[in-house]
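Presented below is the structure to which this report refers.
The values are calculated or read from the model by the stated rules, or taken from the named source; none is laboratory data. Keep in mind it's a predicted model, so treat the numbers as computed, not measured. Every residue, glycine as well, gets a Cβ built from its backbone with ideal geometry; the counts of neighbours run over all protein chains shown.
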């Protein structure tokens, strides 16, 4: 016959076993719940991506139609620029927005060269970047340093220019790294450049882009909005102020300009002396289009930013980025 102490020990062992089994069961249920939740999120995200691809297709068709409507000029007719379009999808919300993707400062234009491995600093591009920063009230000394540092970041050599920064500077930081020495693929790379603080990046972000070439920013004078006047003022540093640029854009003919000759002959511009390079930089048509897509489906939310080349027939997607574009 077992003793009372042995009975107590046996009961304690059973209780401990039950407690352990309860903990294991709870852990297994939690893992099952988490796995089910992750699987549902994964399925929703896959579905959201499929809807975003469909939105891309619709945007490509719309851009192709827009470009073919008038090959000589791209205007704001039809209200396409920046217009948000709701797309019906089952169980969720989708929104797409097409905008002129060339009316921005091309960060890669601080360099020049056909090959991405043979790039040299571009004085014109650097000067325009400085002028843009000053137009949006960034201090001139900061503007010069950031523009020079960006040129060093992109160009192919490792010799720092005046006010610039190359590998020696970045290797001396607390978390060292090297300059890219090639074109930027995404605007977010600007945050790694010497002199670019989070506050400065936030101020610059609405004005800049990273086009896949080193060409000067292709500003379309038929689609540039009055509130984007700093992008026009930067073309002729020291000669055209933001107020005059804004007034000119507000007075643009409803159907846009028919030729660049007519545009540069406007009375407000006749006293200016833009070089041939700058005159060629201004456009009547848009080549690059930016596409912003937001998908909300169940518990999943998807954001996409894409760049589309409208010069190709039909228009073609050049790049896409998932997540918050900021």
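Is it true that residue 45 is farther than 30 Å from residue 313 by Cβ, at pLDDT 75 or above and touching a strand residue (DSSP E or B) at 6+ places or on another chain (Cβ under 9 Å)? Step through it out loud before you land on a result.
Working: farther than 30 Å from residue 313 by Cβ: yes; at pLDDT 75 or above: yes; touching a strand residue (DSSP E or B) at 6+ places or on another chain (Cβ under 9 Å): yes.
Considered against the rule, which asks whether it is farther than 30 Å from residue 313 by Cβ, at pLDDT 75 or above and touching a strand residue (DSSP E or B) at 6+ places or on another chain (Cβ under 9 Å), residue 45 comes out as yes.
When you look at residue 169, is it in contact with a helix residue (DSSP H, G or I) (Cβ under 7 Å, 6 or more places away or on another chain) and over 18 Å from residue 125 (Cβ atoms), yes or no?
Working: in contact with a helix residue (DSSP H, G or I) (Cβ under 7 Å, 6 or more places away or on another chain): no; over 18 Å from residue 125 (Cβ atoms): yes.
No; evaluated as a whole, the condition is false for this residue.
Of (1) more than 19 Å from the chain's Cα centre (by Cα); (2) surrounded by 17 or more Cβ atoms within 10 Å (Cβ to Cβ); (3) not assigned by the TED database to the domain that holds residue 241, residue 278 satisfies all except one. Which?
(3) is the only condition that residue 278 fails.
What do you reckon, is residue 245 under 30 Å from residue 93 (Cα atoms) and either surrounded by 14 or more Cβ atoms within 10 Å (Cβ to Cβ) or assigned by the TED database to the domain that holds residue 154 (or both)?
When the stated conditions are applied, residue 245 does not pass them.
If a residue counts only when it is farther than 25 Å from residue 323 by Cα, which helices (runs of 4 or more DSSP H) contained entirely in region 171-286 have at least 3 such residues?
In region 171-286, the matching helices (runs of 4 or more DSSP H) lie at 229-233, 242-250, 260-264, 267-270, 276-281.
Go through 271, 233, 290 for me and flag whichever is surrounded by 16 or more Cβ atoms within 10 Å (Cβ to Cβ) and either farther than 25 Å from residue 65 by Cβ or free of Cβ contacts under 8 Å to residues at least 40 places away in the same chain (or both).
Among 271, 233, 290, only 233 is surrounded by 16 or more Cβ atoms within 10 Å (Cβ to Cβ) and either farther than 25 Å from residue 65 by Cβ or free of Cβ contacts under 8 Å to residues at least 40 places away in the same chain (or both).
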